[in-house]
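A short worksheet on the structure shown next.
Where a number appears in this text, it was derived from the coordinates with a stated rule and is not lab data. Every value quoted in this text rests on a predicted model; they were computed, and no experiment measured them. Glycine also receives a Cβ, built like all others from the backbone with ideal geometry; neighbour counts cover every protein chain displayed.
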Amino acid sequence: MAYQESITLATHGRGTRDINGEVARIVASSGIETGICHLFLHHTSASLILCENADPSVRSDLETILRRLAPDADPSYSHTLEGPDDMSAHVRSILTQVELSIPVSRGRLALGTWQGIFLYEHRTHSHRRTVTATVIGQ
Amino acid sequence: MAYQESITLATHGRGTRDINGEVARIVASSGIETGICHLFLHHTSASLILCENADPSVRSDLETILRRLAPDADPSYSHTLEGPDDMSAHVRSILTQVELSIPVSRGRLALGTWQGIFLYEHRTHSHRRTVTATVIGQ
Amino acid sequence: MAYQESITLATHGRGTRDINGEVARIVASSGIETGICHLFLHHTSASLILCENADPSVRSDLETILRRLAPDADPSYSHTLEGPDDMSAHVRSILTQVELSIPVSRGRLALGTWQGIFLYEHRTHSHRRTVTATVIGQ
């Protein structure tokens, strides 16, 4: 059995947005008891991450490290036409990934106690981002 | 068809542990001949990686690079309450990922010759880590 | 339903190769309308990435950043027997991943407008790389 649904989410500049509620609702709609829920972001300058969800400073420290690994406006970039945050956003997206799967057990997302699913916007301006969830199992 | 099983594994401080045997056993139990085996770690300060499994120095050099990319006790961290290795562990977990899928062919994991599956503990103390394997296919 | 096919692709030293065409053909062969297409690279010194596919300078800038994060011939490496680009290739492979899944909708890969699937060779010499695609769904 495969159930698929796409959602579009607004982001408000660089930062994370918790999407557990949206994903949990899709898993419930699927009627699938045992399987996986695959999430796919249809963009190359944002990510989907699993991150500690209790202390927001974990996400701000993560941001600090990503800025260091893939700086905005790095003098080495040749892809600069779309702004100082575009090439860095592509690198951040590739290092942190745009797709992931989560087990579904007894009809629910089987996340760890401290695991949250976050849409991570890497561009400095607001965007609308589309995520497709595919729930597969029985 | 979907088969699911969770296992709990002890880690002994920062470092990798080969889990091929445990995963191969679950795939055999599933009875699935063609499909994928999805592995999911229910934690945010350890990882699941596919890494060269012949020379252990590959994993020690990887550790050297990860320490550089996400240093312990970085002066920029504000999430410091859980120890100098906690925030670095979260970043390492996000850069290296906590979930992955491997093809199942003729009832077995279809890994490359030099590919090993490793549970990578990023905390400096020992932990118990839970992995859920979901085998989907026919 | 699960459909599986492996393909072997030539690479010509470090760099990316667009494999959308090969993957689209496999999805069409599968006959699956709704589900996911899982891609798995059976190697530890190359990657599969989703990257902006319009401007090739995005990929050359990505290369610049990866060279910085995982340098060739880093003096700290102890795994040096297979050449100055081997240990860096293993790190690059782990940071960028060797497997990914893409939704299949109405019998086709549901990629974003600017998303391309690339095989990324991290070794400086040419290789033959095997990718297994598993399409699961209905």
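Semi-axes of the equivalent ellipsoid of the protein assembly as shown are 28, 24, 24 Å, computed as sqrt(5λ) over the eigenvalues of the C-alpha gyration tensor in descending order.
For chain C, the residue among C:Asn53, C:Val135, C:Ser101 whose Cα projects farthest onto the positive side of the dipole built from Cβ charges is C:Val135.
Averaging over all projection directions, the Cα-based convex hull of the range A:38-79 occupies 4.3 nm² in the image plane.
The ellipsoid that matches the Cα gyration tensor of the range A:87-138 has semi-axes, each √(5λ) in whole angstrom, of 27, 12, 11, with the longest given first. Note: relative contact order over chain C, using C-alpha pairs below 8 Å and six or more positions apart, is 54 percent. Over all Cα atoms in chain B, the spread is summed up by Rg and Dmax: 15.9, 51 Å. Taking the Cα centre of the range B:2-137 as origin and assigning +1 to Lys and Arg Cβ atoms and -1 to Asp and Glu Cβ atoms, the resulting dipole is close to 240 debye. Please report the spacing between the Cα centers of the range B:62-135 and the range C:41-87 in Å, no decimals. So the two Cα centres are separated by 19 Å. Shape verdict for the range C:59-98, please, from the Cα gyration tensor: rounded (a/c under 1.5), prolate (a/b greater than b/c) or oblate. Here the range C:59-98 falls in the prolate category. Charges only on Cβ, +1 for Lys and Arg, -1 for Asp and Glu: so what's the dipole of the protein assembly as shown about the Cα centre, in debye to the nearest 20? Using Cβ point charges on Lys, Arg, Asp and Glu, the protein assembly as shown gives about 640 debye.
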